[in-house]
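Chemist: The structure under discussion is supplied below as structure tokens; questions concerning it will follow.
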Amino acid sequence: MDVIDRDFWRGRKVFITGHTGFKGSWLCLWLRELGADVTGYALDPPTDPSLFKLCNISRHVRSITDDVRDGEALAAAMSAAAPEVTFHLAAQPLVREAYKRPAESYEINVMGAVNFLESVRRCSSVKAVVVITSDKCYENREWVWGYREDEALGGYDPYSSSKACSELVTAAYRASFFNPATYATHGVAIATARAGNVIGGGDWAGHRIVPDCVRAVVGGEQIVIRSPYAIRPWQHVLEPLSGYLGLAQRLFEQGPDFAEGWNFGPDDRDARPVEWLVSTFCRKWGQGASYRVEQDRRGHEAHYLKLDCSKAKERLGWHPRWGLDQAIDKIVEWTKVYKENGDIADVCLRQIREYSVAGGDETA
């Protein structure tokens, strides 16, 4: 069943790389709600403002400030934390930044994954490993149907390519050192998770449409969109995080049966054009929100990309709970609290509880 089990997570030792980022911060908040014992390893938050600082997450987790490119520091931190479950989220997550700094993006996204998996090899307490990559790891052929987990990996641009590489690195480590066939010997189960275009309150990254919307309405400016017809599999951040949590529990409890790649994306109806998302955001925000289109031809950008999540639905019992329309409601709600200098941690935790109730979780 699609249920997050509080009893499983209560007191569970968890290690997260990239915990200061957007998704990492939401994951820390959710694990805090579940009663887990969390250690995070990352550089300082990549944006200012940041969800990590707005929610004062460092009060609730052991936070280690360091770089995944430093393999020795990462291994030492993981061993000291002695986690049972690990999540690797640390990444250079932006397509445009990878065009500007391709070598650095490969260092972070590929060698960072290598260092993380080497750290797992050296940490005897670890039993479940979830490596988060991206829907862009697939060789995009602009198909109208969703990509399945056994489709070819690829990547036109450096970012997409680096995510395909991290998938290959993880598969090689799984086959060579943590083979499901010899699970009884090593006791470690490793999976990768590929999410769609994740949106939600607290994302301040550059060159992303929802953060652009938030910055514009908070600053009293017009939203600018540059790829109005690009279709993306939009989903609220809590959707893939619920998948990661459920997958990690399955890896811990059933090991090799789930040690493979997994897609966590929205239903087909929520693969929508950029302009639809922005116009809906403006309508829900109300007075003071508007947008204009400025076509941007810089760099290659895929126009159609979505995921087939049949495997996660069938074998994990995972299903999206909030459609895109509701996800935009939650972003508008979050942004209005932020604009009015309200309690950001409170609105995040409230949304986590509402999401949990929608799925019948034991967290509710």
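The values are calculated or read from the model by the stated rules, or taken from the named source; none is laboratory data. This one's a predicted model, so the numbers in the text were calculated from it and none came from an experiment. Every residue, glycine as well, gets a Cβ built from its backbone with ideal geometry; the counts of neighbours run over all protein chains shown.
Chemist: Within the bounds of the range 49-57, is there any residue that is on the phi > 0 side of the Ramachandran plot and surrounded by fewer than 19 Cβ atoms within 10 Å (Cβ to Cβ)?
Modeler: There is at least one residue in the range 49-57 that is on the phi > 0 side of the Ramachandran plot and surrounded by fewer than 19 Cβ atoms within 10 Å (Cβ to Cβ).
Chemist: For the range 195-233, how many residues are in contact (Cβ under 8 Å) with a residue 60 or more places away in the chain and either among the small types (Gly, Ala, Ser) or under 20 Å from SER25 (Cα atoms) (or both)?
Modeler: Here the count works out to 21.
Chemist: Okay, moving on. If only one of SER79, SER105 is of a type in the set (S, T, N, Q), at pLDDT 95 or above, in a helix (DSSP H, G or I) and crowded, with 17+ Cβ neighbours inside 10 Å, which one is it?
Modeler: On inspection, the qualifying residue turns out to be SER105.
Chemist: Sticking with this one: Can you pull out the residues in the range 275-297 that are outside any helix (DSSP H, G or I) and either small (Gly, Ala, Ser) or under 18 Å from ASP325 (Cα atoms) (or both)?
Modeler: GLY286, GLY288, ALA289, SER290
Chemist: Here is a list of conditions, (1) surrounded by 15 or more Cβ atoms within 10 Å (Cβ to Cβ); (2) at pLDDT 90 or above; (3) small (Gly, Ala, Ser), and ALA172 meets all of them except one; can you say which number that is?
Modeler: The single condition ALA172 does not satisfy is (1).
Chemist: Okay, next question. Of all residues in the range 163-178 being assigned to a helix (DSSP H, G or I) and in contact with a strand residue (DSSP E or B) (Cβ under 6 Å, 6 or more places away or on another chain), which is nearest to LEU251 (Cα to Cα)?
Modeler: Step by step, filter the range 163-178, then rank; the result is ARG174.
Chemist: For the range 215-274: of the residues being part of a helix (DSSP H, G or I) and hydroxyl-bearing (Ser, Thr, Tyr), which is surrounded by the most Cβ atoms within 10 Å (Cβ to Cβ)?
Modeler: Per the criteria, the residue is SER242.
Chemist: Let me ask something else. Does ILE352 count as under 28 Å from VAL126 (Cβ atoms), modelled with pLDDT of 95 or more, crowded, with 18+ Cβ neighbours inside 10 Å and not basic (Lys, Arg)?
Modeler: Spelling it out, ILE352 is indeed under 28 Å from VAL126 (Cβ atoms), modelled with pLDDT of 95 or more, crowded, with 18+ Cβ neighbours inside 10 Å and not basic (Lys, Arg).
Chemist: Could I ask something else about it? Restricted to the range 116-143, and to residues that are surrounded by fewer than 24 Cβ atoms within 10 Å (Cβ to Cβ) and without any contact (Cβ under 8 Å) to a residue 60 or more places away in the chain, which residue is farthest from ARG69 (Cα to Cα)?
Modeler: Only one residue tops the list, namely ARG141.
Chemist: If I ask for residues that are among the hydrophobic types (A, V, I, L, M, F, W, C) and touching a strand residue (DSSP E or B) at 6+ places or on another chain (Cβ under 6 Å), which ones from the range 179-197 would you list?
Modeler: ALA189, ILE190, ALA191, ALA193, ALA195
Every residue, every condition in (1) free of Cβ contacts under 8 Å to residues at least 24 places away in the same chain; (2) surrounded by fewer than 18 Cβ atoms within 10 Å (Cβ to Cβ); (3) more than 29 Å from VAL210 (Cα to Cα), yes or no:
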| position | (1), (2), (3) |
| --- | --- |
| VAL38 | no, no, no |
| ARG59 | yes, yes, no |
| ALA73 | yes, yes, yes |
| ARG96 | no, yes, no |
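Chemist: Can you give me the number of residues within the range 10-40 that are closer than 21 Å to PRO320 by Cβ and either over 15 Å from the mean Cα position of the chain (by Cα) or in a strand (DSSP E or B) (or both)?
Modeler: Residues in the range 10-40 being closer than 21 Å to PRO320 by Cβ and either over 15 Å from the mean Cα position of the chain (by Cα) or in a strand (DSSP E or B) (or both): 2 in total.
Chemist: Enumerate the pairs (first residue in the range 160-183 and farther than 14 Å from PHE258 by Cα and in contact (Cβ under 8 Å) with a residue 12 or more places away in the chain; second residue anywhere and among the aliphatic types (A, V, I, L, M) and part of a helix (DSSP H, G or I)) with beta-carbon separation below 6 Å, excluding pairs fewer than 6 apart on the same chain, so at least 6 apart or on different chains.
Modeler: Close Cβ pairs (under 6 Å, with a partner that is among the aliphatic types (A, V, I, L, M) and part of a helix (DSSP H, G or I)) amount to SER162/VAL110; CYS165/VAL110; SER166/VAL110; SER166/ALA113; VAL169/ALA113; VAL169/VAL114; TYR173/LEU117.
Chemist: Which condition does ASP267 not pass, out of (1) touching a residue at least 24 places away in the same chain (Cβ under 8 Å); (2) within 21 Å of CYS28 (Cα to Cα), if it passes all the others?
Modeler: Answer for ASP267: the failing condition is (2).
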